[in-house]
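Chemist: I have a structure I would like to understand better, so I am pasting it below and will then ask my questions one at a time.
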Amino acid sequence: MPRLGPALNLVAAVLVSAALLYAAFFGAGPLPALGVAFNPVTGAWTMAADASSNGAQTLHLKGLTQPARVVLESDGTAHVMAATDHDMFLAVGYVHAKFRLFQMDLLRRQGEGRLSDVVGKAALDSDRFELQLGLLRTAQLEWSQLSSSDPSRDALVAYAQGVNDRIDEAESQHQLPAMFTLLGYQPQHWTPIDSLIVKGDMTQTLNFTDTPLVMALLEKSLGHDLTSEWFAVLPPNQQSPYDPGPYPAKATLEQIPPLPVAQAQLNKVAGDSMASLYQRLAALPAGLIATGGASNNWAVAGSHTASGGALMAGDPHLHLTLPAIWFQLTEDSPGYHTSGVSIPGTPVVLIGHNQHISWSLTDAQNQQTFFYVEKEDAAHPGQYFWNGAWKKYGTVSYDIPVLGASTDHLTVKYSVHGPVISERGLTTTVWWAGNIPSQDLGVLMRIGQAANFKQFRDALRDWHSPTHNFVYADDQGNIGLISAGYYPQVAQGQPWLPMPGTGEFDVTGTIPYDDIPQVYNPPSGVVWSANQRQVAGDYPYYIGTASNFFDPGYRANEINRFLGQNKKFTAADMMALQTDTRDYLASEIVPLLVNALSSENLTGNEVAARDLLAGWDDRMEINSSAASVWWTFWQEYLAATFDPWWKSHNVKVDRAELNDALGQDLEAWSLRDPTNPAFTLIGSAQSARDVMVASFRGTVALLGTRLGSDPAKWSWGRIHTRVLENLAQITGLNYGPLPDRGDANTPLAAPDFPSTHGPSWRMVVDWGAGTFSGIYPGGQSENPASTWYTNRAATWWDGRYAPMLDFTGASASPGAVTWSLQS
């Protein structure tokens, strides 16, 4: 669809409201009563008034101790200046709530299991799961463990006061976001625990995974030997670890004990139980289960740059939503001078820079989720067997209000491993690092105050979850990278499978902080991460498997190739790499395919498609027909190789869900093992070459049917689009879908069709030139009537950036307005 302006967005919103009119006044199934949405004073129409209320003004915030100021650039970027740290965090809370209150309320309701209260039974499964998993319990425990003198405690309290000042103001002025009116409820006051819940939401999205359940189902269907070969611990393909060692002299990965008898017996009886739990988790809303990370970051030392200062770039890849996950701001107070992006609902800059250092992060994909099958006995009801004795389950009960229905009652049981999340067949509990109380907001506050690598590294010592690759650069030309987090180590067994809960397979601790993957000022002068395995094969600790807990490595390989050039890099080079569309996997496989086709008797269209590939530069550009041929071929090649096995072994896991892992195998076999038995299809023996040729012929036929008879017109943009999805799931308020560049393997990450994930924030820092640039898709406001709803989308889409100004520069920028904050 065309790109919508604010006026059209408002019309679309009103049309959607009108479509709900019948249900609003006459009722329709589970839909809430929406008649109040059309009240001329408090209804959805007030979003137009709210969108026009961003001019210069004086505002009164009850918790301020001294006057403060907020400068808003013409694009909505917020700059907060306060005389005390407390007042700064309070003002940030107000600003977040001013522009993102509905988004914030959805996030806390999701994590606290309170969505059913406002949308009805449709959210009950999500609420029950979240309460079982324990985000609320963990947040409450984290809050209780904060001492009264901890700076992060005051930050959370002040932030909550600022949010509540905005809620009170919006209610008194009838300017609550329209979705509250459409759903017929008012937001409750914000609490510090709500901010900790929002932190937990992000942790869950990035690292709570069902992979051990998937692996159990594969073991049951494919068998142990085939599963172990195809879904190995170490990647079968060539990776580019940023920390190549040498490593500490500890027990090597090969010394992990072999499959114990107890484990083998468990796998034979647990199939149905694991399948049931897997299906339950698969049915949950998207985002509750991590599906694999995708982000980039890197830094270049000053000795390798044109400016003489360090360069740094970061672009975390997340769900692309309207409003965006991020909110851009600067925070200035006596204790903080940070600039970057924050998550609405939390008081700190998560990715950005201060006066001396800059940082960004990617998902390190360390395994932090383990499943345990508890041993029970009818003679010991309500108990489980652990460490040689019967132990009583703990319990906690919840009431879940459900709109339009009776209150649901939930009792959560938990063992020493964690909460019980399934009692169908075998009782299964989950150990998840996100349930270890941690003060990650305090870590981020100390990062924001750090002036050098030592202070940065010391701050990260207390970071637990999710495991992130924190890249670093500073104003002295130094660079570094640390994969910070809690790396759980089990006593024995195979943690990529469900394990017996009898005690022998428990998590016993974590990798020592000095031994986790990290580098500082390496001889190469560059550091990089893109979710690849961070270390080489001889790293002595377990940190996950190639099947899910690491990316295939193609983005990292391409970044490493680019940064390996013998040149002086510039900020423009960093921006070009962030938006680069070269598919590293294609650069490896396409020459093999073209060679395999050289002796084949091809049709006219097959010759044309082969010639497109032969002359291709491996870039997934909108107008490239070769890009369409390559991508379609790779999917056909995967299907031709593995689908016969899936069918013959009745594998219940969607093969496409495992394409990253299987693709690594297929890459390795194609390059180094072309007669691997995997290519032996049902009833015939074939090689990689045979399957490639057949897959290519199928590709040409498929594209001809879908895109027409002329291969020159099979452009990538006809297949591949991207969309920014409205958070309220109102498609009329989406941005796109529009044709877009890239794919899942390119530095410009654009997976899926249409692509809904990708670079959620791009930042480039040049310390030598003193320039800071950034952009995210969408806008600062969640209000579709606001000029700041999608105003950044075109800039982001086109690969352009905006300067990250400081408070002084923003105050002098054209179109800037100032809010004076008073108590």
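Chemist: Is it the case, given these coordinates, that Ala324 is crowded, with 24+ Cβ neighbours inside 10 Å and either in a loop (DSSP other than H, G, I, E, B) or among the aliphatic types (A, V, I, L, M) (or both)?
Modeler: When the stated conditions are applied, Ala324 passes them.
Chemist: I'd like to verify a number: residues in the range 604-632 that are open to solvent by 10 Å² or more (accessible area, probe 1.4 Å), without any contact (Cβ under 8 Å) to a residue 60 or more places away in the chain and part of a helix (DSSP H, G or I), how many?
Modeler: Of the residues in the range 604-632, 4 are open to solvent by 10 Å² or more (accessible area, probe 1.4 Å), without any contact (Cβ under 8 Å) to a residue 60 or more places away in the chain and part of a helix (DSSP H, G or I).
Chemist: Let me ask something else about it. Tell me whether the range 127-139 contains one or more residues that are farther than 21 Å from Pro344 by Cα and of a type in the set (Val, Ile, Thr).
Modeler: no
Chemist: Name the single residue, out of those in the range 373-399 being open to solvent by 90 Å² or more (accessible area, probe 1.4 Å) and either touching a residue at least 24 places away in the same chain (Cβ under 8 Å) or in a loop (DSSP other than H, G, I, E, B) (or both), that is nearest to Leu213 (Cα to Cα).
Modeler: We begin by selecting, within the range 373-399, every residue open to solvent by 90 Å² or more (accessible area, probe 1.4 Å); these are 375, 378, 381, 387, 392, 399.
Pick out the ones that are also either touching a residue at least 24 places away in the same chain (Cβ under 8 Å) or in a loop (DSSP other than H, G, I, E, B) (or both) and you get 375, 378, 381, 387.
On the way: Lys375: 18, Ala378: 26, Pro381: 26, Asn387: 24 Å.
By that ranking, first place goes to Lys375.
Chemist: Can you tell me which residue is farthest from Ser295 (Cα to Cα) among those in the range 469-509 that are in a strand (DSSP E or B) and open to solvent by 10 Å² or more (accessible area, probe 1.4 Å)?
Modeler: Filtering first and then ranking leaves Pro500.
Chemist: Let me ask another. Does the range 196-204 include one or more residues that are buried (at least 20 other Cβ atoms within 10 Å of the Cβ) and among the hydroxyl-bearing types (Ser, Thr, Tyr)?
Modeler: yes
Chemist: In addition: Just need a number here: residues in the range 420-461 that are of a type outside the set (Asp, Glu) and not in a helix (DSSP H, G or I).
Modeler: 20
Chemist: Moving on to the next point. Could you check how many residues of the range 106-120 are under 17 Å from Val198 (Cα atoms) and part of a helix (DSSP H, G or I)?
Modeler: Result for the range 106-120: 7.
Chemist: Would you confirm whether any residue within the range 777-786 is within 22 Å of Arg619 (Cα to Cα) and either without any contact (Cβ under 8 Å) to a residue 40 or more places away in the chain or out of contact with any strand residue (DSSP E or B) (no Cβ under 8 Å at 6 or more places or on another chain) (or both)?
Modeler: no
Here's the yes/no breakdown for (1) under 27 Å from the mean Cα position of the chain (by Cα); (2) acidic (Asp, Glu):
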{"position": "Glu130", "(1), (2)": "yes, yes"}
{"position": "Leu141", "(1), (2)": "yes, no"}
{"position": "Ser149", "(1), (2)": "no, no"}
{"position": "Pro187", "(1), (2)": "yes, no"}
{"position": "Thr191", "(1), (2)": "yes, no"}
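Chemist: While we're looking at this one, here's another question. With the range 121-235 as the region, which helices (runs of 4 or more DSSP H) entirely inside it contain at least 1 residues that are among the basic types (Lys, Arg) and free of Cβ contacts under 8 Å to residues at least 40 places away in the same chain? Steps first, please.
Modeler: Working: elements: 124-133, 135-144, 151-172, 178-183, 192-207, 211-222, 224-230.
Of the helices (runs of 4 or more DSSP H) lying wholly inside the range 121-235, those with at least 1 residues that are among the basic types (Lys, Arg) and free of Cβ contacts under 8 Å to residues at least 40 places away in the same chain span 151-172.
The values are calculated or read from the model by the stated rules, or taken from the named source; none is laboratory data. Keep in mind that this is a model prediction, so the values were computed, not measured. Glycine gets a Cβ as well: all are built from the backbone with ideal geometry, and neighbour counts include every protein chain shown. These accessible areas exclude ligands, DNA and RNA; they are computed on the full protein's heavy atoms, side chains included. Shrake-Rupley method; radii C 1.70, N 1.55, O 1.52, S 1.80 Å.
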